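Asker: A single structure is presented below for examination.
The values are calculated or read from the model by the stated rules, or taken from the named source; none is laboratory data. Quantities reported herein were computed from a predicted structural model and do not represent experimental measurements. Backbone-built Cβ (ideal geometry, glycine too); neighbour counts: all protein chains shown. Remember, those area values only see protein heavy atoms, side chains included, never the ligands or the DNA or RNA. Shrake-Rupley method; radii C 1.70, N 1.55, O 1.52, S 1.80 Å.
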Amino acid sequence: QVQLVESGGGLVQPGGSLRLSCAASGSIAIIYAMAWYRQTPGNQRELVATITNGGSSNYADSVKGRFTISTDNAKTTVYLQMNNLKPEDTAVYYCNTVLRRLGSNNPADYWGQGTPVTVSS
């Protein structure tokens with residue numbers, strides 16, 4: 001089994017900051033990449049940022065310069081530092097990872113449970 005446990009969401013005023021965390025655990029052989037997505041009611045889930053196990057990162061245009069994705073040294077926990085938050089950043093944020101489980105030959109997608117972020121005064 002593989003689990004992704006997220007934390008760090010909440011209510012913040014415009015211009016404020018939040019840091020999301022997502023810890024992966026279980027029978028993991030290798031993590032290829034980790035990412036953060038977000039979703040608002042009635043809309044599709046959108047990619048916010050990704051980071052590979054080599055450290056390469058990419059961001060949606062809407063968050064470039066404000067959000068930073070990173071991992072811990074073990075590369076099993078991914079963080080999303082969100083600065084200068086705007087009301088349009090309000091969404092449920094989901095952690096995603098592409099990994100290969102122990103005993104498996106194929107990579108698979110796993111998702112966290114989602115953590116809500118509300119940016120409002």
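Asker: Determine the per residue accessible area of the stretch 2-121 with all protein chains present and a 1.4 angstrom probe, expressed in square angstrom.
Answerer: Values: 6250 Å² over 120 residues.
That works out to 52 Å² per residue.
Asker: Same structure again: I need the shape label for the stretch 56-121. Rule: rounded when a/c is under 1.5, else prolate if a/b > b/c, else oblate, with a, b, c from the alpha carbon gyration tensor.
Answerer: On the way: a/c = 2.63, a/b = 1.95, b/c = 1.35.
Prolate, because a/c is 1.5 or more and a/b exceeds b/c.
Asker: If you add up the charges near residue 71, with Lys and Arg at +1 and Asp and Glu at -1, over every other residue whose beta carbon is less than 15 angstrom from its beta carbon, what do you get? Intermediate values should be presented prior to the final figure.
Answerer: Numbers: positive: 19, 75; negative: 6, 72.
Residues near residue 71 contribute 0 overall.
Asker: Moving on. Would you work out the charge dipole size for the chain about its Cα centre, treating the Cβ of every Lys and Arg as +1 and the Cβ of every Asp and Glu as -1, and quote it to the nearest 20 debye? Let's see the in-between values first.
Answerer: Working: 9 positive and 7 negative charges, 30 e Å.
Value, rounded to 20: 140 debye.
Asker: Give me the mean projected area, in nm² to one decimal, of the convex hull enclosing the Cα positions of the chain.
Answerer: Numbers: hull surface 29.2 nm².
Convex hull of Cα atoms, orientation-averaged projection: 7.3 nm².
Asker: Still on this model: Quantify how much of the Cα-Cα distance distribution of the stretch 1-53 extends past 12 Å, in percent.
Answerer: 76
Asker: With a sphere of radius 13 Å drawn around the Cβ of residue 45, what net charge do the other residues whose Cβ falls strictly inside it have (Lys, Arg +1; Asp, Glu -1)?
Answerer: Values: positive: 38; negative: 46, 109.
Local net charge: -1.
Asker: So for the chain: antiparallel DSSP bridges make up what percent, rounded to the nearest 5?
Answerer: Working: 44 of 47 bridges.
Around 95 percent antiparallel, to the nearest 5.
Asker: Taking amide H atoms as placed 1.01 Å from N in the peptide plane, list the residues 5 or more away in sequence, or in a different chain, whose amide H sits under 5 Å from that of residue 90.
Answerer: Amide H neighbours of residue 90: 119.
Asker: Which one of 50, 1, 81 has its Cα pushed farthest toward the positive end of the charge dipole of the chain, where Lys and Arg give +1 and Asp and Glu give -1 at the Cβ?
Answerer: 1
Asker: Also, I was wondering about something else. Given a 1.4 angstrom probe, I'd like the percentage of the accessible area of the stretch 75-121 that is carbon and sulfur, rounded to a whole number.
Answerer: Result for the stretch 75-121: 46 percent of the exposed heavy-atom area is carbon or sulfur.
Asker: Still on this structure, I have one more. Between residue 108 and residue 66, take the C-beta separation as r, use R0 = 25 Å, and let me know the FRET efficiency to the nearest 0.05.
Answerer: Details: r = 31 Å, r/R0 = 1.23.
In this case the efficiency is close to 0.20.
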